[in-house]
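Take a look at the structure below.
All of the numbers you see were taken from the coordinates with simple rules; none came from a lab. The shown structure was predicted, so the numbers you read here are calculated from the model rather than taken from an experiment. Cβ coordinates were reconstructed from backbone atoms using ideal geometry, including for glycine residues, and neighbour counts include every protein chain displayed.
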Amino acid sequence: MSIAAFPHAMVLQGLIGGLLIGAASAVFLLGSGRITGVSGLLARATGIAPGKRDGSAMLFILALIGGAALANAIAGPFKQGFPESWLVLALGGLIVGYGTRMGGGCTSGHGVCGMSRLSPRSIAATLTFMGFGILTVLVMRLAGLGGL
Amino acid sequence: MHRIVAILSGLLFGAGLSIGGMTDPARVRAFLDIFGAWDPTLAFVMGGALLVMGPAWLVQRRMDRAFDGTGFDLPDTRIIDRRLLGGSALFGIGWGIAGLCPGPAIASLATAFVPALVFVAAMIAGMLLHRFALKP
């Protein structure tokens, strides 16, 4: 399925991927009583978050990698256009790591779990990171760094 | 049960990220490029996820405890402060620079190991920096 005005959009794949992510979050919420916020789970899995290291969070992280491997083996490979520059990757990673801990969540925790819960805090967070993401891409494109 | 739930959820999550195009940084950046050649795919990813999670919260409200027998351990902060907005702004900038957020970056360790590892290692360094050095 495609939209005439946006020939690159993958409507059906996007929707299926989203339904799977939603199902994953619902399983975790109703099964274990917790939020699938990946930045928070990574911090708890590695012991970066205060408190005891969380073994089941580590299992989630490892299964996340396994799920991507399985999907790619069965239905893929799915296209991945990574930035060439390690500097770009490292800079992005550093800021994402710091920012998600400071803001208490990322696309999964605030975006999927928080917004669907109609949490005003998560809606504010999501609007903020979406806005700054859009701004960053715009500024980079205007500066001639668009394609990376 | 705790462990089985974590593994099942992680597998579904990783598959969903791959199929939905979230693990393609070029596509993520095209989604954020609303003033350029906009690619709306990720709006359908978010829509699909909310379509399932909305009803899941309605079910959760009627449950006393989770299926594994433990109580619900959910965020209960309602404060919108500078930490939340500043952190989210930073996250958005990093997301825009590299086209990766935490979930897809980790999932990409399966398929694009070297560049994903560079990002994830730096992301963990950023988390450590927040924890131990520069806590605002």
## Note on the structure
Computed from the beta carbon distance with a Förster radius of 45 Å, FRET efficiency for A:Phe6 and B:Thr70 to the nearest 0.05 stands at 0.55
### Query
How large is ³J(HN,Hα), in whole Hz, for each residue of the range B:88-101 in order, when computed from phi with the Karplus curve 6.51 cos²θ - 1.76 cosθ + 1.60 and θ = phi - 60°, using x for Gly and Pro?
5, 4, 4, 4, x, 5, x, 4, x, 5, 9, x, 10, 10
### Query
Using the Cα gyration tensor of chain A, with a ≥ b ≥ c the square roots of its eigenvalues, what is the shape: rounded (a/c below 1.5), prolate (a/b larger than b/c) or oblate (neither)?
rounded
### Query
Within chain A, which DSSP H helices have Cα atoms that stretch 24 Å or more along the helix axis and a mean Kyte-Doolittle hydropathy of at least 0.0?
A:11-32, A:55-75, A:86-103, A:120-142
### Message
Report the gain in length on full extension from B:Ala121 to B:Val59: 0.36 nm times residue separation, minus Cα-Cα distance, nm rounded to one decimal.
### Response
18.6 nm
### Message
What are the equivalent ellipsoid semi-axes of chain B, built from the alpha-carbon gyration tensor (square roots of five times its eigenvalues), in whole angstrom, biggest first?
### Response
27, 21, 18
### Message
Spelling out what I want: for every residue of the range B:104-114, take phi, set θ = phi - 60°, compute 6.51 cos²θ - 1.76 cosθ + 1.60 (Karplus), and round to whole Hz; glycine and proline get x.
### Response
x, 4, 5, 4, 6, 4, 6, 10, 9, 4, 5
### Message
Let me check against my output: what whole-number percent is the relative contact order of the range B:1-83, with C-alpha pairs under 8 Å and at least 6 apart?
### Response
18 percent
### Task
Quick one: angle between helix B:2-20 and the longest Cα principal axis of chain B, in degrees between 0 and 90, rounded to 10, please.
40 degrees
